[in-house]
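Report on the structure given below.
Rule-based calculations on the coordinates, nothing more; no lab input. Quick caveat, the model's predicted, so the values are computed rather than measured. So basically every Cβ, Gly included, is an ideal-geometry build from the backbone, and we count neighbours across all protein chains shown.
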Amino acid sequence: MARLRDAPKAVLFDVFGTLVDWRGSVIAGLSAFGAARGISADWAEIADSWRRAYRPSMDRVRRGLVPWTILDDLHRDALMNIARRHEIGPLDDADCEHLVRLWHRLAPWPDVAEGLGRLKSVAIIGPLSNGHLALQVSLAKRNLFPWDVTFGADLFRHYKPDAEVYLGACDLLGLAPDQVMLAAAHNDDLAAAASFGLATAFISRPAEHGPGTGDRAKPAEAWDIVTDRVGGIAEAFGV
């Protein structure tokens, strides 16, 4: 990995898929829930359906069709619809709370802790996710993410790819956009960040969406850094 000439002062990370294995974690949690209650279902498809509802739910907020709503509540609404379609209900309030909280307990990819630890020595690091602050704190505590700062979408009352998220984080850090890098496994997220002047790092996660979906993990542009692990970013920063 070639070293950057002018390394940004901060690296902010997308979280779902980039740092944590949302799919494997949610499937495991749903499967355990079903086993405890004697419910049989295609838990992988339910997890994928839940994730597919993610962007449309946020877009309704972004377009002003519904008032500002945090991700937990969007996940809960989507879960109720999915449970009805797959006939795994009815779910009571405690069931819904337990399942929504699966997104607070997602496991990391194996390279994350080591890479973040190295990168922290030379740059400000933190999450820049569509998850709200409480969710980000839960994931950090569960996975020992060594953040210097924690951003949540509720601080900006916007979801990515709105400019308010990327530029709002830069403003709160007191840094110009070109002094901040977004690291993500998703080309659309990086394209938005780049359009607002941020530096970019692509982390390939071919297992994010399950078997046979590795094409999603290819860089669509010549991002500033392209790697398959957080440690690759650290190497580009010289550590």
The range 38-166, dipole about Cα centre (Lys/Arg Cβ +1, Asp/Glu Cβ -1), debye to the nearest 20: 360 debye
Provide the packing ranking of 73-83, 121-131, i.e. peptides ordered by the mean count of other C-beta atoms within 10 Å per residue, highest first. 121-131, 73-83
Among the Cα-Cα pairs of the range 1-111, the proportion with separation greater than 25 Å, in percent, is 31 percent
Toward the positive end of the charge dipole of the chain, about the Cα centre and with charges on Cβ (Lys, Arg +1; Asp, Glu -1), which of ALA191, ALA7, PHE145 goes farthest? PHE145
Rounded to 5, percent antiparallel among DSSP beta bridges of the chain: 5 percent
Please compute the length gained on full extension between LEU65 and ALA134, using 0.36 nm multiplied by the number of residues separating them and subtracting their Cα-Cα distance. 22.4 nm
In vacuo Debye scattering of the chain, one point per C-alpha: log10 I(q)/I(0) at q = 0.09, 0.11, 0.15 Å⁻¹? -0.37, -0.56, -1.02
Selection from SER121, ILE82, ALA94 lying farthest towards where the dipole of the chain points positive, charges on Cβ: SER121
Rg and Dmax of the range 174-239, using alpha carbons, in Å: what are they? 12.3, 42
If R0 is 35 Å, what FRET efficiency do you get for ARG84 and LEU172 from their C-beta distance, rounded to 0.05? 0.30
Magnitude of the Cβ-charge dipole (Lys and Arg +1, Asp and Glu -1) of the chain about the Cα centre, nearest 20 debye, reported as 140 debye
Relative contact order in percent for the chain (Cα pairs under 8 Å, 6+ apart) equals 27 percent
I'd like to verify something in the chain: which complete DSSP H helices, judged by Cα projection on the helix axis, reach 20 Å or more and average at least -0.5 on the Kyte-Doolittle scale? 22-37
So, with +1 on the Cβ of K and R and -1 on the Cβ of D and E, and no other charges, what is the size of the charge dipole of the range 1-111 about its Cα centre, to the nearest 20 debye? 500 debye
If we count every other residue with Cβ under 12 angstrom of SER25's Cβ, Lys/Arg +1 and Asp/Glu -1, where does the sum land? +3
